[in-house]
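To start, the structure itself, in structure tokens.
The values are calculated or read from the model by the stated rules, or taken from the named source; none is laboratory data. As the structure is a computational prediction, the values presented were derived from the model and not from experiment. Cβ placement follows ideal geometry from the backbone for every residue including glycine, while neighbour counts extend to all protein chains displayed. Remember, those area values only see protein heavy atoms, side chains included, never the ligands or the DNA or RNA. Shrake-Rupley method; radii C 1.70, N 1.55, O 1.52, S 1.80 Å.
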Amino acid sequence: MIRAVCFDFDGTLAEFTGDFDKLGLETYRRLGLETTSPCGLSEADPGPLFQSYWRHQRADGAVTVESALRNALEELSLVPPYDVRQAASEMVAGYASQVELLPGALEVLGYFSRLPMALITNGPSDIQRAAVQSVGIEGYFQAILVSGDEEVASRKPNARIFRLACERLGAEPANVLMIGDNLEADIQGAIAAGMPALHIQGARP
């Protein structure tokens, strides 16, 4: 018997509608790392920094945008003239402002609201929590688990994050349904943790 429900966030309930490359370039410029030649052409390449950033932000463990940026800068021996904390804060705000609920998301949440619900999402703690808050759905959930949270520190499909969600819902994994759009991270991860799972196609047509 299903006694509780867990939802994925990105691609299942909501999506980022902006341009990741543009957001990254804006952050790079805020850090003051871009230089311009006399002829007006950019001499700096943000590619290596953001390749490193994306790798660090997807790591297991406690992760924020700021920590991922600092790790990437250190890895490349870059010392930005601009404040990293402020640049990270602006990146978080810029991302969250461009996240929108997918059609039907509120109806689905309303349908399952008679049961305890948890949200399970991968990503840096600060940016994912800002995104969830921006679309106004926190009140539907008894628990929100972000992989980058210090007390979570594990990414789907790691069984740990699913089991933590079940514990916070006060239900055994066999009685908690996981709903998500990613077959590996959401579905296979939940099944490995002993949960039933429902795969949906959540993205916009």
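Residues in the range 132-160 that are touching a Gly at 6+ places or on another chain (Cβ under 8 Å) and of a type outside the set (S, T, Y): V146, G148, A153, K156, P157, N158, A159.
Residue count for the range 168-205 satisfying the condition of being touching a helix residue (DSSP H, G or I) at 6+ places or on another chain (Cβ under 9 Å), assigned to a loop (DSSP other than H, G, I, E, B) and farther than 21 Å from V99 by Cβ: 5. Here the range 148-171 is the region considered, the condition is being free of Cβ contacts under 8 Å to residues at least 40 places away in the same chain and closer than 15 Å to V5 by Cα, and the residue that is least open to solvent (accessible area, probe 1.4 Å) is L164.
Applying a threshold of 6 Å to beta carbon distances and a minimum spacing of six or more residues, or different chains, the list of pairs starting in the range 191-202 at a residue that is farther than 11 Å from P173 by Cα and ending at one that is of a type in the set (S, T, Y) and surrounded by 15 or more Cβ atoms within 10 Å (Cβ to Cβ) reads G202/T12. With respect to the conditions (1) under 26 Å from I179 (Cβ atoms); (2) of a type outside the set (A, V, I, L, M, F, W, C); (3) part of a helix (DSSP H, G or I), E15 falls short on a single one, namely (3). Among residues that are in contact with a Lys or Arg (Cβ under 9 Å, 6 or more places away or on another chain) and open to solvent by less than 10 Å² (accessible area, probe 1.4 Å), G194 is not included. Checking each residue of the range 39-48 against the condition of being in contact with a helix residue (DSSP H, G or I) (Cβ under 7 Å, 6 or more places away or on another chain) and farther than 26 Å from Y140 by Cα gives at least one match. Filtered by the rule that a residue be open to solvent by 10 Å² or more (accessible area, probe 1.4 Å) and closer than 15 Å to M117 by Cα, the range 172-191 gives E172, P173, A174, N175, L177. Against the conditions (1) in contact with a helix residue (DSSP H, G or I) (Cβ under 7 Å, 6 or more places away or on another chain); (2) more than 29 Å from C166 (Cβ to Cβ); (3) open to solvent by 20 Å² or more (accessible area, probe 1.4 Å); (4) without any contact (Cβ under 8 Å) to a residue 24 or more places away in the chain, Y28 satisfies every one except (3). Checking each residue in the range 131-149 for being of a type in the set (S, T, Y) and farther than 14 Å from P116 by Cβ picks out S134, S147.
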